[in-house]
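The values are calculated or read from the model by the stated rules, or taken from the named source; none is laboratory data. Because the structure is a prediction, the values reported are computed rather than measured. Please note: Cβ atoms are built from the backbone with ideal geometry, for glycine as well, and neighbour counts cover all protein chains shown. For the accessible areas, the whole protein counts, side chains as well, though only heavy atoms, and no ligand, DNA or RNA atoms are used. Shrake-Rupley method; radii C 1.70, N 1.55, O 1.52, S 1.80 Å.
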Amino acid sequence: MKMRLRANFILATVVNLWMVHTVAGLSNIGISHGRHANSRFLLDNGVSRTPPMGWNSWNHFWCGINEGVVMSTADALVSTGLASLGYKYVNLDDCWAESERDENGKLRGKASTFPSGIKALADYVHARGLKLGIYADAGNRTCSNQMPGSLHHEYEDAKTFAEWGVDYIKYDNCYHDGTRNRERYIAMGHALQKIKRPIHFSLCEWGQEDPAKWAGAYGHSWRTTGDINDTFARSIAFHLCIDLHPNFMATIESFTFLLFFSVTWIADLNNRWGRYAGPGRWNDPDMLEVGNGGMTMDEYRSHFSIWSLMKAPLLIGCDLRSVSNRTLRILGNKEVIEVNQDSLGVQGRKLRSKDGLEVWAGPLSDNRVVVVLWNRSELRALITAAWRDFGLSPNTPAIVRDLWKHKYVSMNKRDRLTASVAPHACKMYVLTPLQS
C-alpha cells in the first residue's frame, strides 16, 4: 500500500508539474539569449576555469546534516587523498539554516545542527585547504520548505555569504513567485558582482528555460536537468507518464524538471548542450551518485566516465567517512579526472548510438582525443569507434591508453578501435595521434 501511494504521489507530482510548465511555456516572453560583454562579470573572476570538484551533502544525507558531518567530511577529503586530486569544495545543501530570518532579516545557521555558526565552519574548511559551498533558493522558501529563500534578499544574502567566507553557491528554484527563472537568477548574479568575492555561482533551475543559452553570462555552471537518482535506467514514474500521454517525451525535452532522473536519461539530456560549455561555464547534469549503493560498480564507472568526458562538475554525493576502497578507486582515478580537468575545456559528446551501444568522444589539449565506448544494453557486446568518427584520417597512427586499466593498448593504432564491453559498463581511452 505504501509503495502504491508513493508511486501515485510521484506520478501525480510529475504530471501536475508537466502541465504547469507546458502552460508556462505557452506564455514565453522571448527574452534574448545574447551575451553582452558587460554581463560577463562572473566569468572574469578566475573561478572554475575547469569544472568544480568537491562534495555535496544532498544525495546521501538529504536534510540530515550537521557541522560534525561536514567537518568530518572535510577531514575525509584530505585523509583519502581526494583533496590532492582536486576535490576542494565542501558544499552544504538544503536545511542548514533556521526556518526564519533573524530580527535584522539575515539568514543564520540552525542552532541545533550548526551551533558554531557557518563562519566557524568556513574557517574549519579553509584551514584544511578546502572551500565551503552553501545552498540558497531563488524563491521565498527552499525546496525542503525548512528555511527561507533569497528572493528579494539577494544582495543581503550574498553579502552574508561573503562575510562568512563562502566560496560556492548552489541556487535552487522552489517556492518562487512565478516570474521567469532568468530574471530571478540574474538578480543573484548581480548581487554577487557587487560583493566582489570570487564565488562559484551554480544556477539550479533544472534546465527549464534552457540555461545553457544564457546562464554563462551570469554564473559558472547551470543544471541542465532535474534531480539525479541512484539508478542506471529510466525511472518508472516517467514510463507511466509516457504511457499516459504520447507527447510527454517531446515535452520533457523542452521542460526538464525535477524528480528522479536516471544516469542514462540525464546523460542524454545534458548531451544536447555541449556547444555552450567551456572554461568558466559548465553544463551541470547534477551530482555524482558513485558510492551510494543503488548501482553496480560497472554502472558507477560508466557514470563517472561520462560525467568526466562531459566536463561536468564532479561533486561527490556519498558518505566519504565510510567510503569503500572500490568506490575510492573510481572517484580517485587520476587519469579520468585529468580528462575532466583538461585545459581545453571542450565538452565531449555522443557520436553514435545503436541498440544501446554508444560511442562518446571529445577533443583534449595537445591534439588528443578522449573516447568512451559505452554499453547500455543488457548483453556483452563489441563496440567499435572509427577514426573518422572523431575527425582523424584512418591512416593516422595513434597511441591508445586505457584509463581504467592504466596501461597502453597500442603504441601505433590505426583506423579503428574495438572492445568487448560488459552490460552497463564502458571502456575509456585517450588517443594521442602521431605524425604519419
Pairs needed: first member in segment 294-322, open to solvent by 10 Å² or more (accessible area, probe 1.4 Å) and in a helix (DSSP H, G or I); second member anywhere, modelled with pLDDT of 95 or more and hydroxyl-bearing (S, T, Y); C-beta distance under 9 Å; at least 6 residues apart or different chains. M297/T327; E299/T231; R321/S72; R321/T73
Residue ID - farthest from A277 (Cα to Cα), chosen from residues in segment 211-225 that are under 15 Å from the mean Cα position of the chain (by Cα) and not in a helix (DSSP H, G or I): T225
Just the residues that are open to solvent by 50 Å² or more (accessible area, probe 1.4 Å) and in a strand (DSSP E or B), please, taken from segment 358-398. P363, L382
Would you check if D93 is touching a strand residue (DSSP E or B) at 6+ places or on another chain (Cβ under 7 Å) and under 21 Å from D167 (Cα atoms)? yes
Flagged in segment 269-292 as open to solvent by 40 Å² or more (accessible area, probe 1.4 Å) and assigned to a helix (DSSP H, G or I), in numbering order, are R275, Y276
Could you grab the pairs with beta carbons closer than 7 Å, sequence gap of 6+ or different chains, first residue in segment 154-169 and within 12 Å of V90 (Cα to Cα) and modelled with pLDDT of 95 or more, second one hydroxyl-bearing (S, T, Y) and open to solvent by less than 10 Å² (accessible area, probe 1.4 Å)? Y168/S202; I169/S202
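Scan I242, I236, I186 and give me the residue that is modelled with pLDDT of 95 or more, open to solvent by 10 Å² or more (accessible area, probe 1.4 Å) and at negative phi.
Result: I186 is the single residue among I242, I236, I186 that is modelled with pLDDT of 95 or more, open to solvent by 10 Å² or more (accessible area, probe 1.4 Å) and at negative phi.
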Write out, first by first residue and then by second, each pair whose Cβ atoms fall under 6 Å of each other, whose residues are 6+ apart or on separate chains, and whose first residue, in segment 72-100, is not assigned by the TED database to the domain that holds A312 while the second is open to solvent by 50 Å² or more (accessible area, probe 1.4 Å). none
Spot the failing condition for E103; the list is (1) out of contact with any Leu (no Cβ under 9 Å at 6 or more places or on another chain); (2) part of a loop (DSSP other than H, G, I, E, B); (3) touching a residue at least 12 places away in the same chain (Cβ under 8 Å), and only one is missed. (3)
Exception for Q435 within (1) more than 24 Å from R301 (Cα to Cα); (2) out of contact with any strand residue (DSSP E or B) (no Cβ under 9 Å at 6 or more places or on another chain); (3) touching a residue at least 60 places away in the same chain (Cβ under 8 Å) falls at (3)
Checked against (1) among the β-branched types (V, I, T); (2) under 23 Å from M53 (Cβ atoms); (3) open to solvent by 50 Å² or more (accessible area, probe 1.4 Å), V409 satisfies every condition except (2)
Among the residues of segment 25-48, is there at least one that is in a loop (DSSP other than H, G, I, E, B) and at pLDDT 95 or above? yes
Could you count how many residues in segment 181-210 are under 17 Å from the mean Cα position of the chain (by Cα) and of a type in the set (S, T, N, Q)? 2
